[in-house]
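> This is the structure, below, for whatever I ask next.
Just so it is clear, none of the values below were taken in a lab; they were calculated from the coordinates. Keep in mind that this is a model prediction, so the values were computed, not measured. Here the Cβ positions follow ideal geometry from the backbone for every residue, glycine too, while neighbour counts run over all protein chains shown.
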């Protein structure tokens with residue numbers, strides 16, 4: 001049985017209402033040539049960068065010592081050619097919405113988006129050897145800190161923190177070059193896949209390990225030193241998020257010094273909060289003030305009450 005044509009089902013009023021919603025100025029659609037970067041293209045570049053950092057692990061290609069140089073060269077070249085136009089679109093979008101710090105105009109006349117994009121992507125690519133060296137330390141910290149890990153290879157291919165932290169370290173390089181949109185798209189993609197939310201603006205030292213990972217939140221102005229270990233459900237957040245945009249650009253997330261362990265469910269808030277070197281933060285604590293170095297912060301244990309139904313007590317007697 002053939003369906004009734006859409007126009008005879010009253011589709012035009014629906015289209016009219018949709019057109020009204022597109023024109024309400026609340027930015028849930030992009031028209032008039034704002035030309036956002038392409039999501040699939042950007043995520044494709046992220047995948048290729050992952051293959052550069054961990055050849056043979058994530059892309060399914062058979063890599064040998066004979067073809068490794070060619071394989072990596074092709075990936076890097078593809079990333080450059082693919083990512084530069086997307087970064088140009090990101091800078092151009094900032095100009096069109098009046099967010100460009102160079103021109104402050106919807107018609108940019110003072111900044112060169114192509115030059116900015118080429119510089120940012122070149123910086124990212126030149127950072128890859130250093131990122132890889134830091135990731136080696138992160139992965140070794142994961143192996144050293146988890147007796148359940150059977151091998152380094154098991155960690156790389158299966159532990160969610162590897163993808164989340166690798167993505168963060170890539171996104172951070174574009175963030176410091178002030179590339180709009182793309183660093184957050186990468187970090188939120190990793191958040192979706194792993195449950196680990198690391199803002200690309202955070203500053204995180206080497207030998208960083210997140211065990212289990214689900215529910216970890218690391219805010220934009222967080223600073224984390226070397227050899228820090230987090231467990232699931234840790235929040236490193238802002239103390240007064242209700243103030244919203246007025247806090248933009250201000251230090252609003254905590255500083256975690258070297259050799260700190262933070263157990264599951266801990267919440268540490270505030271830009272003035274510093275967790276001193278070598279401290280251990282117990283599970284489910286709420287911290288809004290600084291903690292001195294070499295300090296243990298634990299909740300006082302609750303009293304546990306154990307009881308048995310009367311019938312079970314008689315049966316065991």
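> Which length gain, in nm to one decimal place, applies between residue 158 and residue 250 when the Cα-Cα distance is subtracted from 0.36 nm times their residue separation?
29.5 nm
> Here is a further query. Under a GNM of the chain (C-alpha, springs under 10 Å), which listed residue has the highest mean-square fluctuation: 302, 212, 253?
Of the options given, 302 has the highest mean-square fluctuation.
> Return the calculated 222 nm mean residue ellipticity for the chain, to the nearest 500 deg cm²/dmol, obtained by summing -39500 (n - 2.57) across DSSP H runs with n ≥ 4 and dividing by the residue count.
Helices in the chain give a 222 nm mean residue ellipticity of -14000 deg cm²/dmol.
> Gaussian network model of the chain, Cα springs within a sub-10 Å range: biggest mean-square fluctuation belongs to which of 232, 140, 245?
245
> What FRET efficiency would be calculated for the residue pair residue 150, residue 226, taking the C-beta separation as r and a Förster radius of 41 Å, to the nearest 0.05?
0.95
> Let me ask another. If you fit an axis through the alpha-carbon atoms of helix 68-96 and take the longest principal axis of the Cα set of the chain, what angle between them do you get, 0 to 90°, nearest 10?
70
> Which whole-number percent is the relative contact order of the range 202-299 (Cα, under 8 Å, 6+ apart)?
22
> Further, regarding this structure: Would you work out if the range 31-195 is rounded, prolate or oblate? Take a ≥ b ≥ c from the square roots of the eigenvalues of the alpha-carbon gyration tensor; rounded if a/c is under 1.5, else prolate when a/b is larger than b/c, oblate otherwise.
prolate
> Report the calculated FRET efficiency for residue 12 and residue 82 (r = Cβ-Cβ distance, R0 = 45 Å), to the nearest 0.05.
0.65
> Further, regarding this structure: Could you please state, rounded to a whole Å, how far the C-alpha centre of the range 39-55 is from the C-alpha centre of the range 112-147?
12
> Something else about it: In nm, what is the difference between 0.36 nm times the number of residues separating residue 308 and residue 258 and their Cα-Cα distance?
13.3 nm
> Please give the helix 113-145 orientation as an angle from the longest Cα principal axis of the chain, in degrees from 0 to 90, rounded to the nearest 10.
Helix 113-145 sits roughly 20 degrees off the main axis of the chain.
> Once you've got the GNM for the chain with C-alpha springs shorter than 10 Å, pick whichever of 184, 296, 169 has the biggest mean-square fluctuation.
Between 184, 296, 169, it is 296 that shows the largest mean-square fluctuation.
> On C-alpha positions alone, give me the angle between the axis of helix 182-194 and the longest principal axis of the chain, in degrees, nearest 10.
Helix 182-194 sits at roughly 40 degrees to that axis.
> Kindly rank 43-53, 121-131, 147-157 from highest to lowest mean number of other beta carbons found within 10 Å of each residue.
The densest-packed peptide leads the list: 43-53, 121-131, 147-157.
> Give the relative contact order (percent, whole number) for the chain; include only Cα pairs under 8 Å separated by 6+ residues.
9
> Which order, highest average first, do 61-71, 91-101 follow once you tally other Cβ atoms within 10 Å for each residue and take the mean per peptide?
91-101, 61-71
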